[in-house]
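A short worksheet on the structure shown next.
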Amino acid sequence: MPIKLNGTHLINSNYFEVKNEIIIKSAEFITKAKSTYDIVLKKKQNEAHSIEINRLKFRVNNGEVENKFPLVSHLYFQSIFPLQFTIVKDELKLSNYKEIQNRITKIDNIILDQYKGQGIHYIRTAFLKQFEKEEIANQFINSLGFISVINLTLKRYAKSDNLDFKWRLPSIDFTYWKLKMKDNTNDSISYSANQVDENEFLKALNEYRSQNKYDSIEDKELKVESDFLTTIQYENNSMNIVEANTSCKIKFGKYFDYEEKNFIKSIL
């Protein structure tokens with residue numbers, strides 16, 4: 001295994017195209033979405049933060065975000081960028097929390113002036129909850145797909161091949177995995193797991209179904225089927241990502257059937 005080095009020494013500025021595809025099915029609904037956006041990653045030197053990440057050109061289903069509720073969600077979410085981080089124990093740690101709070105407050109005032117209703121209240125409450133405290137905000141941001149790949153990259157030279165990992169699902173929130181590092185070569189690495197933490201997942205699923213007044217889960221013998229895989233290609237023996245593909249699947253009978261694919265590609 002290569003000698004471990006400081007992550008910022010091996011990560012350079014880059015520009016990425018990101019594609020995300022997600023489908024969630026249950027007895028009550030089917031949700032499908034495709035999104036694309038660009039990520040600008042800047043390595044900083046002699047500043048209070050090590051890395052800055054910005055998101056540009058966000059599109060959903062090949063078009064601009066126009067419908068009221070998705071638009072409000074997008075406006076809130078876009079206000080958190082740019083994100084600034086230091087690297088602590090091989091993980092990104094948010095360093096511009098107060099600046100993000102100020103931007104959120106500004107967009108929140110604009111949205112409240114323009115939109116009313118229960119749906120807007122629900123979106124607003126759920127979003128603001130993620131930024132009530134710095135620790136909660138850091139956890140939320142580190143759960144974003146692209147940030148998760150960066151964090152896995154920072155652990156490329158870790159001593160252990162096993163990794164506790166969180167992946168966030170829409171509505172359900174966090175899922176918990178024990179990833180196994182494999183195929184760590186000069187220009188690639190992969191992380192995989194074939195079993196989500198079933199107890200935590202079912203607890204979150206039951207809570208979600210209860211909140212939405214869906215039927216309770218009656219089949220006590222039903223098992224959770226799950227799989228997670230990330231494969232990352234690098235420039236030779238570095239942390240500069242060339243391409244990354246992530247897939248996550250979780251199925252629990254008719255009650256929950258989820259699949260997400262995330263594709264990241266450097267265009268520099």
Original post:
Quick one: Glu207 ticks every box in (1) touching a Phe, Trp or Tyr at 6+ places or on another chain (Cβ under 9 Å); (2) open to solvent by 60 Å² or more (accessible area, probe 1.4 Å) bar one, so which box is it?
Top reply: (1)
**OP:** Working carefully through the options Glu99, Glu132, find the one that is more than 23 Å from Ser35 (Cα to Cα), modelled with pLDDT of 95 or more and in a loop (DSSP other than H, G, I, E, B).
**Re:** Glu132
Original post:
Within the stretch 19-28, which residues are open to solvent by 30 Å² or more (accessible area, probe 1.4 Å), farther than 30 Å from Asn240 by Cβ and modelled with pLDDT of 90 or more?
Top reply: Ile23, Lys25, Glu28
**OP:** Specify which of the listed residues (Asp215, Asp227, Asp197, Asp219) is in contact with a Lys or Arg (Cβ under 6 Å, 6 or more places away or on another chain) and open to solvent by 30 Å² or more (accessible area, probe 1.4 Å).
**Re:** Asp227
Subject >> Restricting the stretch 1-18 to residues that are in contact with a Ser or Thr (Cβ under 6 Å, 6 or more places away or on another chain) and at pLDDT below 75, the residue that is surrounded by the most Cβ atoms within 10 Å (Cβ to Cβ) >> reply: Leu10
**OP:** Examine the stretch 114-128 for a residue that is closer than 30 Å to Gln233 by Cα, modelled with pLDDT under 95 and of a type outside the set (Asp, Glu), and state whether such a residue exists.
**Re:** no
**OP:** Within the stretch 256-268, track down each residue that is under 18 Å from Val196 (Cβ atoms) and open to solvent by less than 70 Å² (accessible area, probe 1.4 Å).
**Re:** Phe256, Asp257, Tyr258, Glu259, Glu260, Asn262
Original post:
What single numbered condition from (1) at pLDDT below 95; (2) assigned to a loop (DSSP other than H, G, I, E, B) fails to hold for Ser210?
Top reply: (2)
Subject >> Scope the stretch 234-255; condition part of a strand (DSSP E or B), more than 19 Å from Ile267 (Cα to Cα) and open to solvent by 10 Å² or more (accessible area, probe 1.4 Å); matching residues >> reply: Ser247, Lys249, Lys251
Original post:
In the stretch 143-180, which residues are out of contact with any Phe, Trp or Tyr (no Cβ under 9 Å at 6 or more places or on another chain) and either outside any helix (DSSP H, G or I) or open to solvent by 10 Å² or more (accessible area, probe 1.4 Å) (or both)?
Top reply: Leu144, Tyr157, Ala158, Lys159, Ser160, Asp161, Asn162
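Yes/no per residue for (1) open to solvent by 50 Å² or more (accessible area, probe 1.4 Å); (2) modelled with pLDDT of 95 or more:
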{"site": "Ile39", "(1), (2)": "no, yes"}
{"site": "Lys43", "(1), (2)": "yes, no"}
{"site": "Glu47", "(1), (2)": "yes, no"}
{"site": "Ile53", "(1), (2)": "no, yes"}
{"site": "Leu56", "(1), (2)": "yes, yes"}
{"site": "Asn61", "(1), (2)": "yes, no"}
{"site": "Glu64", "(1), (2)": "yes, no"}
{"site": "Pro70", "(1), (2)": "yes, no"}
{"site": "Ile80", "(1), (2)": "no, yes"}
**OP:** Any chance you could count how many residues in the stretch 87-108 are open to solvent by less than 40 Å² (accessible area, probe 1.4 Å) and touching a Ser or Thr at 6+ places or on another chain (Cβ under 7 Å)?
**Re:** 2
**OP:** Report, ordered by the first and then the second residue, all pairs with beta carbons closer than 6 Å, sequence separation of six or more or different chains, a first member in the stretch 9-35 that is closer than 19 Å to Leu268 by Cα, and a second member that is outside any strand (DSSP E or B) and open to solvent by 40 Å² or more (accessible area, probe 1.4 Å).
**Re:** Asn14/Leu268; Tyr15/Ile267; Tyr15/Leu268; Glu17/Ile267
Original post:
Just checking, how many residues over the stretch 218-263 are in contact with a helix residue (DSSP H, G or I) (Cβ under 9 Å, 6 or more places away or on another chain) and aliphatic (A, V, I, L, M)?
Top reply: 6
Original post:
Of the residues in the stretch 38-48, how many are over 14 Å from Ile11 (Cα atoms) and out of contact with any Lys or Arg (no Cβ under 9 Å at 6 or more places or on another chain)?
Top reply: 3
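The values are calculated or read from the model by the stated rules, or taken from the named source; none is laboratory data. Every value quoted in this text rests on a predicted model; they were computed, and no experiment measured them. Every residue, glycine as well, gets a Cβ built from its backbone with ideal geometry; the counts of neighbours run over all protein chains shown. The protein model used for the area step is the full one, side chains on, heavy atoms only, and it has no ligands, DNA or RNA in it. Shrake-Rupley method; radii C 1.70, N 1.55, O 1.52, S 1.80 Å.
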